[in-house]
Structure formats: C-alpha cells, structure tokens
Amino acid sequence: MKIVSIVGARPQFIKEAVVQREIRKYSDMQEIIVHTGQHYDKNMSELFFGELEMPHPKYVLEGRASRSHGEMTGQMMIDLEKIIQEENPDLVILYGDTNSTLAGGIVASKLKVKTAHIEAGIRSFPKDIPEEMNRMMVDCISNYLFCPSDLALRNLERENNYGKLYMTGDVMYDIFFHLRDRFNREIRKTLGLEKGNYVLMTMHRDFNVDRKEILEEILLEINKISKEVPVVYPVHPRTAKKIKEFGLKKLISDINTIPPIGYLDLMGLVQDCWKVITDSGGLQKEAYFSGKMACVLLEDTGWSELIDKKINYLVNVKNLREILFSKEVTVFEPGIYGDGKAAEKIVDILRTEFL
Ligand code: UD1
C-alpha cells in the first residue's frame, strides 16, 4: 500500500510524527512525505523533523506562507497535483485544518485518489475563519474521517458526509504520551522562570494579530498581567511581523518573549507553568493533557468539550484577567481524547481497508 502524507505547518509535523512511526512498522506499507513549505522558518519546520525523529520529506515545495490564502493554496494545488500523479498512491493522508490540508484534499479527490482526514469533525462555528472553512471542506470530500473525540464524531454524524467515520482518539495525545519523558524541563530554568509561577502564552491567529487596534489591546492587557505573574511568550512569525509593522514593540518589553520553540521545549514549559493563554488549537489540548487550565483567546473553539467541562475558558481582552486569576478549581476529567493509541487504530483501519 502506498501512501502520500501531506504536511506543511507546525501542528501537522507533530501529528505526522506519530502516524509515520506506526506505518513504518509494516513492510507492506510505503509512505511518502510531502512538505508544502507553508511553514519554512527553521524554528517552525526543520526543528520538528529532527526532534520528532521523522524521515525527511521526499518533496519540499516552495509554498511560502506570505502569500494570500488563494495564491498559497493555488500554488500548492499546482505542485501537489504533479506529485500525486507521479507517485500514484492508494491513499493521501491529510491533517487538521490548514491551507495545506485543503490544497491536498482538493487535488487528491479530483484525481480520484482516496483521502483520509486525521482530526476530522472539529467544528468551531462561526464559519468565516480560514481554519473552519478548511476543515469543513476537507471533511466533505474525504473518504476516511478519523475523529479525535466523541464530539467530533457527533458533528460528522449530523453532517452526513459520504466518507466513513471512525472515533480513534487524538494523535496529539499519542505523541504527548510517548514523548513525555523527553520534555525539556530545563528550558524553564534557562529562561529564569519559577516552577508553577508563570503563564505560558501563544498567539498567532489572524483575527487576534492582523489588526493593529486588536493586537495592541491584547498586548496591553498581557503587559498588565505580566506585572503580576511572569508571562513567557514564544512569538509566532506572523505575530512578530505584525508587532514590528504596527510599532508595538514597547508593549512586549515586560513580557518574556522568545522565538518559536520546538515541541519538546514547549511541552517542557507547559508542564511547569501555572496557566496557559493561547489561541492555538493544539496548545488548548496540550494544556489539558498536562493538567493546566487554559484561557482560550477565541470567540469559539473546535475543542469545546474542554470549555463545557470547565477545564478551559473562552476569553476576550475584557475578561481575560478576571478568568485567569479566578480561584475556581479545575477538575481534569481524563480520557477525552482517547487512550494514546489513535495512530495504531488509524493504521489498523487502513490495513483492513486496503490490504
Ligand atoms: C497556520 C494555519 C493554522 C495553524 C498554524 C500553526 C492556515 C490557514 N492556518 O497558521 O491553522 O494553527 O499554522 O502554526 O493554514 N510565517 C513565517 N515563517 C514561517 C511560517 C509563517 O514567517 O515559518 C509567516 C508567513 O510569512 C505569514 C504568516 O507567518 O505572513 C502566517 O503564516 P500562515 O501559514 O498563513 O498561517 P499561520 O498563522 O501559521
């Protein structure tokens, strides 16, 4: 069985790491990795392949992210079409909700190559954010839909897409579980942070960072928070560019800002932090895996089971401080995203279907 796996952005390298390891256990399965080039900075890409012990992609495209959505997705489609025609796989694996996922999904489906969507069924409503559009469109056209949670499965059951549905659990929990002994706990000390006494923050989504007034308001608030509890903030390149462009550098002078870091470093920081502030889909769950409450800087989230169970909280710039400093005790119900064997289940299903 021949598989082409398409990755391009940071969270996809992490998900692919655990799936490729499972595929590689079988000599009758061959996998070719294509990197669309959506994330290209060393800290956003190369670093992950090294530390997650992944083979280098056979193809690396010049997908450069600074382009508009249409241009980026379009260029990826042109390049991916040639590769899929050339490789002629039995299956294309797609991850998550990025422009790379969408480009791969459209091209493979039109070439009548079967597709599997890992992390299917996530819905955050409203529909006008790029990630929500990407995940909905890819779920519509995929043949195998692997859901990370019961809620994701229920979302898809309602939609009546034609692909086959499976609840496998979340591959991000698998990798967390497998690599937990290698998380870098030293990084906290290097950054001068005290165990249990700092907030870990990440923020890169377009609606939070692309408009000056919004970004300024959020950074002002974070600045205030950092006077009460240290905030460490690995800054995504999108946000770094905007901070510079809008002349907001003075607002981050009290925040412990660092360049983007790898998975093992980030997980090291989550383990020892007090709480998390984030707009990242992945970190919302990784905070939960680590037993930390996360303030989610979004209007809505695809991981709403964590909100319903009062593990995470949706926040905006007005209520962020109040929720962050609230005394409410979080109860971490285990098992929401499976048992750490999602990749094994996915590969078993694919073997039953194709071999
Ligand atoms: C993308 C995904 C998002 C995912 C996130 C993880 C889409 C629509 N969004 O958002 O779902 O949560 O990745 O990080 O696909 N840039 C660099 N260097 C890089 C990568 C990006 O400078 O290595 C810059 C680009 O030039 C661009 C900006 O960051 O200006 C945005 O990159 P893009 O890939 O569009 O979106 P992300 O915000 O990373």
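Here are the numbers for this structure:
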| item | result |
| --- | --- |
| DSSP loop GluC sites (Glu not before Pro) with at most 14 other Cβ within 10 Å excluded, longest remaining stretch of the chain | 63-193 |
| Whole-Hz ³J(HN,Hα) from phi, Karplus 6.51 cos²θ - 1.76 cosθ + 1.60, for the range 89-106, glycine and proline x | x, 7, 8, 10, 9, 10, 10, x, 9, 8, 4, 5, 4, 5, 4, x, x, 5 |
| Sparsely packed chymotrypsin sites (Phe, Trp or Tyr not before Pro) within the range 1-110, loop by DSSP, other Cβ within 10 Å at most 15 | Y26 |
| Chymotrypsin sites (Phe, Trp or Tyr not before Pro) restricted to DSSP loop in the range 261-355 with at most 12 other C-beta within 10 Å | F325 |
| Amide H within-cut-off set for T202, under 5 Å, with H built and near neighbours excluded | I277, T278, D279 |
| Computed helical MRE - 222 nm, the chain, DSSP H runs ≥ 4 contributing -39500 (n - 2.57), nearest 500 | -13000 deg cm²/dmol |
| Mean shadow area of the chain over all directions, Cα convex hull, nm² | 16.4 |
| Which of F177, H236, L220, positive extreme of dipole for the range 176-242 (C-beta unit charges) | F177 |
| Whichever lysines have a C-alpha closer than 21 Å to that of K2, once near sequence neighbours (fewer than 8 apart) are set aside | K15, K25, K58, K82, K110, K112, K114, K164, K345 |
| Accessible surface, per residue, of the range 213-355 when the full set of protein chains is kept, probe 1.4 Å, Å² | 42 |
| Accessible-area composition of the range 124-172, carbon plus sulfur, in percent [1.4 Å probe] | 58 |
| Part-to-part distance (alpha-carbon centres) for the range 56-108 and the range 120-192, which is given in Å | 19 |
| Net charge contributed by nearby residues that have their C-beta within less than 14 Å of L80 (K/R +1, D/E -1) | -2 |
| Cα shape, the range 1-98, gyration tensor, a/c 1.5 rule | oblate |
| Value in Å of the Kirkwood radius, where the range 196-326 supplies the Cα pairs that are averaged | 14.6 |
| Karplus-derived 3J(HN,Hα), 6.51/-1.76/1.60, for each residue of the range 77-88, Hz, glycine and proline x | 4, 4, 6, 5, 4, 5, 5, 5, 5, 5, 7, 6 |
| Amide H partners (placed H, <5 Å) of I93, local residues excluded | V4, S5, I6, A116 |
| Set of lysines near K227 by C-alpha distance (under 20 Å), chain-local residues within fewer than 8 positions excluded | K189, K195, K249, K250, K275, K318, K327 |
| Inter-probe distance in nm under a simple model that places probes 7 Å from Cα toward Cβ, at S27 and D150 | 4.2 |
| Rounded to whole Hz, the Karplus (6.51, -1.76, 1.60) HN-Hα couplings of the range 274-282, x for glycine and proline | 8, 9, 10, 10, 7, 10, 8, x, x |
| D41, D206, reordered so the largest accessible area comes first (probe 1.4 Å) | D41, D206 |
| 5 Å binning of all Cα-Cα separations within the range 121-200, expressed as whole percents from 0 upward | 3, 13, 17, 15, 12, 9, 10, 11, 6, 3, 0 |
| Longest DSSP-loop-exposure-free segment, trypsin sites (Lys or Arg not before Pro), the chain, at most 15 other Cβ within 10 Å | 212-308 |
| Accessible area of the range 275-338 belonging to carbon and sulfur atoms, whole % at 1.4 Å probe | 51 |
| Around I141: net Lys/Arg minus Asp/Glu count, Cβ-Cβ under 12 Å | +3 |
| DSSP-loop chymotrypsin sites (Phe, Trp or Tyr not before Pro) across the range 116-190, with at most 11 other Cβ within 10 angstrom | Y162 |
| Simple Cβ-charge dipole of the chain, Lys/Arg +1 and Asp/Glu -1, about Cα centre, in debye nearest 20 | 560 |
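The values are calculated or read from the model by the stated rules, or taken from the named source; none is laboratory data. Values in this document were obtained by computation on a predicted structure and should not be read as measured data. Glycine gets a Cβ as well: all are built from the backbone with ideal geometry, and neighbour counts include every protein chain shown. Heads up: the accessible areas ignore ligands, DNA and RNA and are worked out on the full protein's heavy atoms, side chains in. Shrake-Rupley method; radii C 1.70, N 1.55, O 1.52, S 1.80 Å.
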